[in-house]
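Heads up, the thing below is written out as structure tokens.
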Amino acid sequence: MESLIQILTDWGYAGLFLSALLAGSIVPFSSELVMAALVAMGLKPWLCVLSASLGNTLGGLTCYWLGRLGRTDWIEKYLGVKPEKVEKMQRFLQGRGALMAFFTFLPFVGEAIAVALGFMRSNLALTTLSMFAGKLARYVVMLLALMGVLSSCTPPKAAPDKPVVTVSIEPVRYLVEAVAGDRFQVSCLVPKGASPETYDPTPRQLTELSGSRAWLRTGHLGFERAWTERLEANAPDLEAVDLSEGLELIRDTLAAGHGHHHVDGVEPHVWCSARNARQMALHIAHALTRLDKAGEASYRQRCDSLCRVIDRTDSLCRALLARPGADRAFMIYHPALSYFARDYGLRQIPVEAGGKEPSPSWLKELVDTCRRERVRVIFVQPEFDRRHAELIAAQTGARVVDINPLAYDWPEEMLRVARELSRI
């Protein structure tokens, strides 16, 4: 039950609507806990009330329709309401009509009222409006009580020990933390295992983002493009920093042969390049200095140290890939290494076809390409299915290798790719 409540809470208003629907129907559930959690998280209280009232009304109408169907066996089985209780309620409701649906929010007797009104075939429109009014009144009272409890019992929220900045993905968190040191706390939006091209931030993240000093965007990830306006509207004082500004970007005209296109025409995996990472580190240092002028010397020094790590990683990758017999082409399920391939003169062959799973004809073409290009490595990321990669590998003798371009340890992931391609 606790895990279900957590899931519904993460869904925000939609989760509250669903929890209230369940609570008002034949399923025992507590929408109050979900509503309390969402209000405490900072979601708009009156939207919470409206979502809960609508869901609970729809749930209550399931009891009404069970009564209207006249299935006393279902009523007793699913609602636990004895037929004699329904009959008693019908006698009580005689002459009072659909307006009594207002009281379906009451515990113990609410379901019996809804069922009895169904048996009596009370006016559906008037029943629905009366039921909604009662549910609305119930949640309004509950909200007022909840806000009173929160204001009287909850101590003032202490300010965080350090100011917060938010990033989109883990590798960028590595870069920002390397520059920020202990002067900023760094929060990441996309959790481990999620795709940054399709990820939807949770209501809790939207609320927490309003407490950040800045959002350091990667630049062209799918969820960033889709959510920028909403994120900035939710936190109007938030400074948004595009870390891809000034980078030499790969656009569709260059990537058309990869069979993969993006909405804004830019290949978004800019961090998979030492050259890009170095420029991003400079952007980060400038952004943090604007936010915290007193830390300028620290940010400059830490940025220089990070750039040395990036340069060393770049040198090691070049040395590995310069070995005699090192691969000059590789296959990858999702084309996340376009910038890596560009920097080191490699050919990336994606398994995806136009961002979709490969068709049988495309798989055959991939097998032929793999043999022709002497591909020995097929990279697969953890958020994608590896079955197609294994099928191609079985027919060509290539190795399937797990990589994670979204991992926090940026230098290690860059070196992992270079090591796998340099294995003789």
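The values are calculated or read from the model by the stated rules, or taken from the named source; none is laboratory data. Just so it is clear, the model here is predicted, and its values are computed rather than measured. Methodologically, a virtual Cβ is constructed for each residue, glycine included, from the backbone with ideal geometry; neighbour enumeration extends over all protein chains shown. Heads up: the accessible areas ignore ligands, DNA and RNA and are worked out on the full protein's heavy atoms, side chains in. Shrake-Rupley method; radii C 1.70, N 1.55, O 1.52, S 1.80 Å.
Summary table below
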quantity	calculated
Distance in nm between pseudo-label sites at Ala194 and Leu33 (7 Å out along the Cβ direction from Cα)	2.3
Square roots of five times the Cα gyration tensor eigenvalues for segment 370-424, Å	21, 15, 6
Heavy atoms of Leu144: accessible area, 1.4 Å probe, square angstrom to 10	100
Using distinct alpha-carbon pairs, which all enter the 1/r mean, Kirkwood radius of segment 322-424 in Å	13.7
Cβ-Cβ FRET estimate between Arg399 and Leu47, R0 fixed at 45 Å, reported to 0.05	0.30
